[in-house]
1. For the pair Trp27/Ala88, report the inter-label distance in nm, with labels modelled 7 Å from Cα in the Cβ direction.
2. With r defined as the distance between the Cβ atoms of Val34 and Glu56 and R0 fixed at 45 Å, what FRET efficiency is calculated, to the nearest 0.05?
Amino acid sequence: MLNAVIAASTEGETVNPLIPQPYDIIWSAVVFLVIVVFFWLKILPKMQEMLDKRAEAIEGNIAKADEAQAKAEAALAEYTAQLAGARAEAGEIRDAARADATKIVSKAKEDATSEQARIAAAAQAQIEAERQSALVSLRTEVGTLAIDLASSVVGESLSDDKKAAKLVDSFLADLDAADKGAKKPAAKKPVAKKPAVKKAAK
C-alpha cells in the first residue's frame, strides 16, 4: 500500500490513502477466511469439547448432590420411622407393664381374700370342734351331776342305765330350751311347773 502511494505520488496521480486497494482487500479476505477455517476446525471443537466436559462435570455434580440429598431424606425418613416405632413399642411395653401390675395387684388381693376366708373358715371349724368337744364334756359332767342330784332327791340310786340316760336326756333338753330362750329375749317362755317328787318310803 505504501508502495502504491509512493508510486502514485511519483506518477502525479491523486490516491485516497483511506481506501484500500483491491488486492489488499482480496488478501485480507483470504487471510480472514484462513483464520475462520482454522478457528472453526481447530479452536471451536476444542472449546466445544471443553464446554461439554464442564457441562457434564456440572451435571454430574448436580446428580451427585441430588443423590446425596435423596439418601439424606431417605435416612431421615427411616430414622423418623424407627423413632416412631420405638415410641410405639415403649408405649406398648408401658401399657403391658401397667396391665401386669394391675393383674398382680388383683391376684394378690384375691389370694389375700382367699387366704383370709380360709383362715377364718379354719378358725371357725376349730372353734366349732372345740365347742362340740366342750359341749360333750359338759353334757357328760352335767349328766353325772344330774344323776347324783336325782339320786339324792329321790333317795335311791339310779343304777339302771336306761333310766339314767332318760333322765340325762330330759335334763339336757330342758337346758337347751333354756339356752334358746335366753338367746330370744322377746319371746317369753312359759314356766313349766315342776312335778312333785315323791320321796320313796323308807
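1. Simple spin-label model gives 8.9 nm for this pair.
2. Working: r = 32 Å, r/R0 = 0.72.
Computed FRET efficiency for Val34 and Glu56 comes out at 0.90.
Only the coordinates and a few stated rules stand behind these numbers; no lab work does. These figures come from a predicted structure and were not determined experimentally. Every residue, glycine among them, receives a Cβ derived from its backbone with ideal geometry; neighbour counts consider all protein chains shown.
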